[in-house]
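Working notes, structure below.
The values are calculated or read from the model by the stated rules, or taken from the named source; none is laboratory data. Since the model is a prediction, treat every value here as computed from it, not as a measurement. As a convention, Cβ positions derive from the backbone with ideal geometry for all residues, glycine included, and neighbour counts pool all protein chains shown. Keep in mind that these areas ignore ligands, DNA and RNA; they rest on the heavy atoms of the full protein, side chains included. Shrake-Rupley method; radii C 1.70, N 1.55, O 1.52, S 1.80 Å.
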Amino acid sequence: MPSTPPVSRVLNAAVGGLAATAYYAAPDLIRSRAGRGWAKAALTAVVVATSVPDMRRGLAEVRAQREADAQDPKAEQVDWAAMWGSMSPGGRASAVGAGAAVLAGSVASVVAIERAVFRRGERRRAAGVRFAHTRPALVWGVLTTVVALLPDQPSAPPRPLPRA
């Protein structure tokens, strides 16, 4: 039976949803491009701040799991530093390059999606639709809240890495 999320989690989800709604509705509310930029920066800070409690809880769970694994002699320990040190310089460069490519791709896709959402709203505004940005913003805000309230999935035990 699913349990009710704690009040703090519900509050953080609601604040995050409202901030997401305001973020995407900003073009209807603030005409100045600079003003929208500052407002969106502040709203992004609010969304990040609402995620801090979940991040802290997640880090505490990871620490507890590490401590439990350290006490269990059967638990497989992975020495990441030794694994990194055993890689060739070309392998390390490839790993760093792959990580940088994934990060760059993620940032580029977010920027592309943000621009597409804004352009669509502007086309709707030009077509005479009132609150052209706000209507979709309400959907984004509700989705943000719902996703924040989804229950955490139980973590699966880590699979051991293959030995070389």
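Worth pointing out:
- With respect to the conditions (1) modelled with pLDDT of 90 or more; (2) within 19 Å of residue 147 (Cβ to Cβ); (3) not aromatic (Phe, Trp, Tyr), residue 9 lacks only one, and its number is (1).
- Qualifying positions in the range 73-104 - under 26 Å from the mean Cα position of the chain (by Cα) and over 30 Å from residue 30 (Cα atoms): 80, 94, 95, 96, 97, 98, 99, 100, 101, 102, 103
- Odd one out for residue 76, checked against (1) surrounded by fewer than 14 Cβ atoms within 10 Å (Cβ to Cβ); (2) in a helix (DSSP H, G or I); (3) not basic (Lys, Arg): (2)
- Checked against the criteria, residue 100 does not count as open to solvent by 60 Å² or more (accessible area, probe 1.4 Å) and either out of contact with any Pro (no Cβ under 7 Å at 6 or more places or on another chain) or under 30 Å from residue 139 (Cα atoms) (or both).
- Residues within the range 22-39 that are closer than 17 Å to residue 132 by Cβ and within 22 Å of the chain's Cα centre (by Cα), tallied: 6
- Residues in the range 24-34 that are open to solvent by 50 Å² or more (accessible area, probe 1.4 Å) and either part of a helix (DSSP H, G or I) or in contact with a Pro (Cβ under 8 Å, 6 or more places away or on another chain) (or both): 24, 29, 33, 34.
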